Every structure is written in structure tokens, then in C-alpha cells.
1. What are the pairs with Cβ atoms under 8 angstrom where one residue, in segment 203-227, is farther than 30 Å from Ser182 by Cα and the other, located anywhere, is open to solvent by 50 Å² or more (accessible area, probe 1.4 Å)? Sequence gap at least six, or different chains.
2. Would you pick out the residues in segment 130-154 that are within 26 Å of Tyr236 (Cβ to Cβ), aliphatic (A, V, I, L, M) and free of Cβ contacts under 8 Å to residues at least 24 places away in the same chain?
3. Scan segment 8-25 for residues that are farther than 15 Å from Ile276 by Cβ and out of contact with any Phe, Trp or Tyr (no Cβ under 7 Å at 6 or more places or on another chain) and report the count.
4. Criterion first (hydrophobic (A, V, I, L, M, F, W, C), crowded, with 19+ Cβ neighbours inside 10 Å and in a helix (DSSP H, G or I)) does Val179 satisfy it?
5. Looking at the structure I just gave you, is Asn217 of a type outside the set (Phe, Trp, Tyr), over 29 Å from Leu13 (Cβ atoms) and either in contact with a strand residue (DSSP E or B) (Cβ under 7 Å, 6 or more places away or on another chain) or open to solvent by 40 Å² or more (accessible area, probe 1.4 Å) (or both)?
6. Looking only at segment 202-212, decide whether some residue is surrounded by 16 or more Cβ atoms within 10 Å (Cβ to Cβ) and not in a helix (DSSP H, G or I).
7. If you take the residues in segment 21-42 that are more than 18 Å from Arg57 (Cβ to Cβ) and either among the acidic types (Asp, Glu) or touching a Pro at 6+ places or on another chain (Cβ under 7 Å) (or both), which one is modelled with the highest pLDDT?
Amino acid sequence: MILGITLLVFMVLQAAPGDQASSALGDGASEEAKQQYRQDNGLNDPLVLQYFRFLGRLLQFDLGTTTPPAKSVASMIGSAFPLTLQLTFLGVLIAIVLSLAFGVLGALYRDKWQDQLVRVFSIAAIATPSFWLGILLIQWFALGENPMFPSGGIATPESGFGGWLNSMALPALALGIPVSASLIRVVRTSMVEELDRDYVRTAIGNGVPYREVVSKNVLRNALVTPVTVLGLRVGYLLGGAVVIEMIFALPGMGQLILNGITNLDVNLVQGVVLTISVTFVLVNIVVDLLYLLINPRIRTV
């Protein structure tokens, strides 16, 4: 999968309009200087040769340098990627908390007014784009005479954990709430299916408290499908984090990829996209391993 990602990213960027030599040297550079730049950087070589040269650098963890002024792409990603991971982690945490709370509530009070409220919330959240929700959160909580949260930027290290959390709260909410909507429906459906199984009626008939059956058996068995969906939604969270970072002026991967696209900096765009893609693949491997913790019976299947 990672090999396919490298090929797709390479071909898409090669087909992108623009000239790398002009972007690196400026439009005022002479044609001779541009030709020399293409020759020095192998841009005149066949695409197959360029691709294998690109793979060779990746195997050495060399993502190249940016267009002048030359900077290491790896070092720039190393500075920006932790912030994107922090934002994604908070978004995942918010999505998990909301989906478990509302999904279990809707299943336990099936077809009652509590369930109807959960459905209304999930439908509204699914229809809400994260970037639009981010703008609304800024208007509601970051503007006016007494703002509760900053409208953008990241807190300085001197602000401590409280300052960091205060600056990340609105972006994380804008990222996590739309994702929680789809998870709520999955959790509710899985819970309803488990509650209708024979072992639940048997346990309750044998005198096991209903709350204990739900918390120790039903919820654990119902989490396999939601965890699968959550692993797939991490890709959306990583991609959405890039957009949310631009709205809240966070110096993460969003700023890097925007600079790379604006300046036609192929190395920078390739590095950012590959980093996010590989992270997504690794997260889904971790999700597969989590199945064993949630339901140990899978080991014998």
C-alpha cells in the first residue's frame, strides 16, 4: 500500500501544471539557467528513472530539500508534524467520548425521546463541514468583549498545559464533532444488535445486573465495528487537520503543504503527503491489533 502511495503521489505531482525550474529560480531566470537546473536535478530523465531515484532517497529517509532557500524537508516536517498529531489526537478523543456517550444512550433508550435527540444531533453533525464549524466556533467563543478561547495560533511553552489545551480546544472540537456523528450511528447499531442477543437475556435471567451485563459484555463486544470505522476515519481526521490548521493559524502540516503547492515545491508536497499517508497506514495496523484486546476470541479465528 505504501509503495502504491509513493507511485500515486509521484505521478500526480509530475502531472501538475507549472515548471519546477521556474519556481526554484524565479520567472526572471534565463532559459539557459532553467535548462541547467533541470539537468542538475535530473528533471530531463525519463519518469521511470526519476521515480526509482525518488524511491532510493526514501529508503535512506531522505525527503530532499525545498526550493531556494534550500531547507531540509525532513526537518521541516519534524517541526510541524507533532502539532498535527496533537490536533488529530484531541479530535479522536472528542469523537470517541461523544460517540460512546450518545451511541450507548441511543441504544439503551431505543426509539424513545433520548434516542430521537441523539439521531438529530448525529444527522446535524454529519451535515456540518469541519471548516464551517471551525468558523462558527471562532465567532461564538473567540470574538467579542470576553472571548473564552483564542481565535488562532498555538500557545507558547511558558503557558503550560492549560495554555496549550486552551489554544487547541476549538480546532479539536471542529475536527472531532463531525467525525463523532458517523461513529454515534455505528456504536448505536452495534449496541442494539448485541442487546438483542440470547446471552444478554440469559445473563439477566440468571440474576446478573443489567448495568453489569451492558458494561462488561455488551459494550465490549459492540466495540469491534466502531473501532474499525474509527481507524478508517483517522485518514479524514489527518486530512481535516490540515484544513483546520489553516483556519486557526496553527503552524502544522497544513501550512507546509499550502506553501509547497503555492511554490510548486514538489519535494515538500511529496514529503507531507507521504508522511500523512504512512501514518494512516500505521494507525490502521494498530487498529487491527486492538481487536485482540477488545475481543480475545479473534485470536482463535
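The values are calculated or read from the model by the stated rules, or taken from the named source; none is laboratory data. Everything numeric in this text was worked out from a predicted model, so none of it was measured. When we count neighbours, we look across all protein chains shown, and the Cβ atoms used for this are built from the backbone with ideal geometry, even at glycine. Surface accessibility is based on the protein's heavy atoms, side chains included, excluding ligands, DNA and RNA. Shrake-Rupley method; radii C 1.70, N 1.55, O 1.52, S 1.80 Å.
1. Every condition considered, the pairs that remain are Ala203/Asn217; Ile204/Tyr210.
2. In the first step, residues of segment 130-154 are kept if they are within 26 Å of Tyr236 (Cβ to Cβ); the result is 130-142, 149-154.
Pick out the ones that are also aliphatic (A, V, I, L, M) and you get 133, 135-138, 142, 154.
Passing the criteria: only Leu136.
3. From segment 8-25, those farther than 15 Å from Ile276 by Cβ are 10-11, 14-25; that's our starting set.
If we keep only those that are out of contact with any Phe, Trp or Tyr (no Cβ under 7 Å at 6 or more places or on another chain) too, we end up with 11, 14-20, 22-23.
Total satisfying the criteria: 10.
4. On the way: hydrophobic (A, V, I, L, M, F, W, C): yes; crowded, with 19+ Cβ neighbours inside 10 Å: yes; in a helix (DSSP H, G or I): yes.
Answer is yes for this residue.
5. Working: of a type outside the set (Phe, Trp, Tyr): yes; over 29 Å from Leu13 (Cβ atoms): yes; either in contact with a strand residue (DSSP E or B) (Cβ under 7 Å, 6 or more places away or on another chain) or open to solvent by 40 Å² or more (accessible area, probe 1.4 Å) (or both): yes.
Yes: the conditions hold for Asn217.
6. Pass one, segment 202-212, residues surrounded by 16 or more Cβ atoms within 10 Å (Cβ to Cβ): 203.
Right, trim to not in a helix (DSSP H, G or I) and you get none.
No: segment 202-212 contains no residue that is surrounded by 16 or more Cβ atoms within 10 Å (Cβ to Cβ) and not in a helix (DSSP H, G or I).
7. Residue satisfying both the conditions and the ranking: Glu32.
To keep it simple, each residue is scored yes or no on (1) within 21 Å of Pro251 (Cβ to Cβ); (2) under 18 Å from the mean Cα position of the chain (by Cα).
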position	(1), (2)
Ala124	no, no
Pro129	no, yes
Trp132	no, yes
Asn146	no, no
Ala155	yes, no
Phe161	yes, no
Leu165	yes, no
Pro171	yes, yes
Gly176	yes, yes
